[in-house]
Every structure is written in C-alpha cells, then in structure tokens.
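I have placed the structure first, in the form of structure tokens, so that the comments after it can refer back to it.
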Amino acid sequence: MEYKRLGSAGLKLSVISIGSWATFGQHVDEATSRAILKVALDGGINFIDNAEIYGDGASSAAVGNLVHGLPRESLVLSTKVFWGGSGPNDSGLSRKHIVEGLHKELKRLQTDYVDLLFCHRPDPNTPIEETVWTMDNLVRSGKVLYWGTSEWSAQQLTEAYAVARQHHLLPPQMEQPEYNLLQRRKVEIDYLPLYPLMGLGTTVWSPLAAGALTGKYNRGEAATRTGFDAAWFKSQRLKPEDLARVSLLLPIADGLGCTMAQLAMAWVLKNPHVTTAITGATKASQLQDSLKSLEVVPHLTPDVLAAIETAVQ
Ligand SMILES: NC(=O)c1ccc[n+]([C@@H]2O[C@H](COP(=O)([O-])OP(=O)(O)OC[C@H]3O[C@@H](n4cnc5c(N)ncnc54)[C@H](OP(=O)(O)O)[C@@H]3O)[C@@H](O)[C@H]2O)c1
C-alpha cells in the first residue's frame, strides 16, 4: 500500500480506502463485513469513511463494533454531517446540528475523536461564518483533527477559505467529490486553483462508479442494490451512454491483463490531486481484486492513458 499526505496536512492516508455505505451495517452481513475489513487492514488500508446518513447511523455503529479493540492510532476514521434526521435541527450545517450530529457519530464509532469531519453538502440556509466557526471550535476541542467538505463548488470552498483566513480560523483541509472515469469535472477543472491555494487534499468517492465501471453490467449481471439505492443506481449508474464507454474500456483492461475494476481504480490513483480513493465492496473478493490496482498504475503509460481518453470521450 502507498500512503499520501492529505494535501498540505501531515496526516497520511492509504491511497485506497474503504467506505461504510455499502459495506458495513446495512447491505452486508456481519461475517462478510468482518472478512472485508480483514482484507482492508491486511492490505494496508488505514482510512474508513463514514457518514451519519449511512443506514441512518447503522453503518457507523457497525464500524464502531468492528474496529473496537484495534489501536486507534492505526486508523483514520471520518464522518460526515448534514443529513441526520427529519426534525428542524437534524440536518444542515448549523452549529447545533454539526455538534449534535458529531456527538452521535462519536458514540456509534466508539471513539473520542474523528480524524476527519466533512460537511456532507453545502447548506445555503446557514451563514458560512457559523459553519466555519463551528468546525474551527471542534478541531480546537480535539474532537476533530481535520475538517473538510463534500461536493462543495469551488466558489463555496473559496468562500469558506476566505472567511477562515479573515477571522484567523482553520480553513477546510479536504474535499470529498465523486471522481471516476465517468465523473471528472470538479477534481480535474473546478478545484485546480484550490490545490495550491488551500493545500487541499481529496478523498474521492465511487472510483468504480458504484460498480458500473467494473464491466459487470456490460456482461448482463443484475445490480445488487435494493430499495432506494436500486432506483438511484438504475437512473444514475446504468445510463446507456456510460455502459457504451465501459464497453470501449474493456479491451484496454484485457490488453493490460487486468480486470476492468483494477483499470478504473488505477486510473483514479494516477491523478496526483487524489489523496485517496474511497471504494466499497459487498464481498471480500471484490476488495482483494481492487487492491491489486496498485500494480496496474505503473502500466498506465501515456499511450494507454490516451487510449482510455479516446474511449471515454
Ligand atoms: N461524499 C459523498 O457524497 C459520497 C457519496 C457516495 C459514496 N461516498 C463514499 O464512497 C464510498 C464508496 O462508494 P461506492 O460504494 O459507490 O464505491 P465504488 O468503489 O465506486 O463502488 C463499490 C461497488 O462496486 C462493486 N465492486 C467493488 N469492487 C469490485 C470489484 N473489484 N469487482 C467487481 N465489482 C466491484 C460493488 O458493487 P455490488 O455491491 O453491486 O457488487 C461495490 O459495492 C462509500 O461507502 C462512501 O463512504 C461518499
């Protein structure tokens, strides 16, 4: 495994990490979750990504149980606040919800602090000063080590940075955008000025486009997602034009002697602005397969990258 600094921060994250959304607490039984976590830790993954909304807290609670007893310093645990429930103060980025959402997550994760706390989405109904001030307070209190955002626009991030600088508060250190062969704009274009300006790190999500980039749907396999996730998956991930792109990528993976998942993951890891790619798995064998993408990265020569570019354009 390789480890990379989170932007200009000193914290180091494994370049492949695991998210709890599909993997822990709701879609997968406990024995399988344990097997996936073992593959992750044996493979050198040190970062587990969580959010208060995943399984309405069930995913974080499962992670808390699974990592209980492991040395805390060997793990980087995150959570994200924004969607905590349906009451008037159970969502958004008010001081009240951020603090209460974090406290609930600390209990579920059975820890005194999270390494990373993300604002899961921007909140147009809360002054940015209130959010930045609250995050600064939480870092100073020791309950959070670094704070950041998820799916904020470059403009919103710049505003948060300016507010922090103006009031001598800690600015956001990392952003969590989607980044994969089918979804590229924020990481490759929008945030470009922010990497040097803010020392911004990125913990990108869905490197495999939730499975669409593994090629299995081109082979006619049925999606495993259920309930709300199933409808979302079908409309957002199985678009015919995206599956057509994947069909053009499959021969490139064959030519490299790797799986389509490994090609997709290696391509994400090749981007120097990616600190870590947060993947998911519902079987231990999937994560074993994805971890081997580290061996594929050196084979992404300029010619291979050009062929990939042609396939996805
Ligand atoms: N900040 C945000 O707004 C946001 C949004 C979404 C996700 N996230 C984070 O990102 C994490 C990962 O998201 P994701 O689950 O969409 O990641 P992903 O890595 O793009 O997709 C994971 C899915 O791909 C399939 N898969 C994984 N490895 C495979 C392999 N080697 N071969 C074949 N299939 C494979 C599995 O699908 P099947 O289960 O169908 O087999 C697995 O559930 C989440 O847990 C969460 O922490 C953040």
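Nothing in this text is a laboratory measurement; each read-out follows from the coordinates by a stated rule. It should be emphasised that the depicted structure is a prediction, and the values quoted were computed from it without experimental measurement. We place every Cβ from the backbone using ideal geometry, glycine too, and count neighbours over all the protein chains shown.
If you restrict to DSSP beta bridges whose two residues both lie in the stretch 1-108, what percentage is antiparallel, to the nearest 5?
50 percent
Which order do peptides 256-268, 36-48, 287-299 fall in by mean Cβ count within 10 Å, highest first?
Those peptides, ordered most packed to least, come out 256-268, 36-48, 287-299.
Enumerate the helices in the chain for which the Kyte-Doolittle hydropathy averages -1.0 or more and the C-alpha atoms extend at least 24 Å along the helix's axis, using complete DSSP H runs.
240-256
Lysine pairs, Cα distance under 28 Å, 8 or more residues apart or cross-chain: how many in the stretch 1-130?
So the count works out to 15.
Rounded, prolate or oblate: which fits the stretch 35-113 when a ≥ b ≥ c are the square roots of the eigenvalues of the alpha-carbon gyration tensor, with rounded for a/c under 1.5 and prolate only if a/b beats b/c?
prolate
Out of Pro207, Trp133, Ile98, whose Cα points farthest toward the positive end of the dipole of the stretch 88-244 (charges: +1 Lys, Arg; -1 Asp, Glu; placed on Cβ)?
Pro207
Report, in debye and to the nearest 20, how large the dipole of the stretch 223-313 comes out about its Cα centre when Lys and Arg carry +1 and Asp and Glu carry -1 on their Cβ.
Result for the stretch 223-313 is approximately 320 debye, rounded to the nearest 20.
Which of Thr224, Tyr191, Val297 sits farthest toward the positive end of the charge dipole of the chain, with +1 on the Cβ of Lys and Arg and -1 on the Cβ of Asp and Glu?
Thr224
With no solvent and one point per C-alpha, what does the Debye sum give as log10 I(q)/I(0) for the chain at q = 0.12 Å⁻¹?
-0.79
Divide by every residue of the chain the summed helix terms, -39500 (n - 2.57) for each DSSP H run of at least 4, and state the resulting mean residue ellipticity at 222 nm, rounded to the nearest 500 deg cm²/dmol.
-13000 deg cm²/dmol
How do 128-135, 233-240 rank on mean C-beta neighbours within 10 Å, highest first?
Ranking the peptides 128-135, 233-240 by packing returns 128-135, 233-240.
In whole angstrom, how far apart do the alpha carbon centroids of the stretch 41-108 and the stretch 171-222 sit?
If you average the Cα positions of each part, the centres end up 21 Å apart.
Using the scaling law 2.2 N^0.38 Å as the reference, what is the normalised Cα Rg of the stretch 172-313?
Cα-based Rg divided by the globular estimate yields 1.04.
Mind pulling up the Rg/Rh value for the stretch 109-187? Radius of gyration and Kirkwood radius, both on Cα.
Looking at the stretch 109-187, the ratio lands at 1.00.
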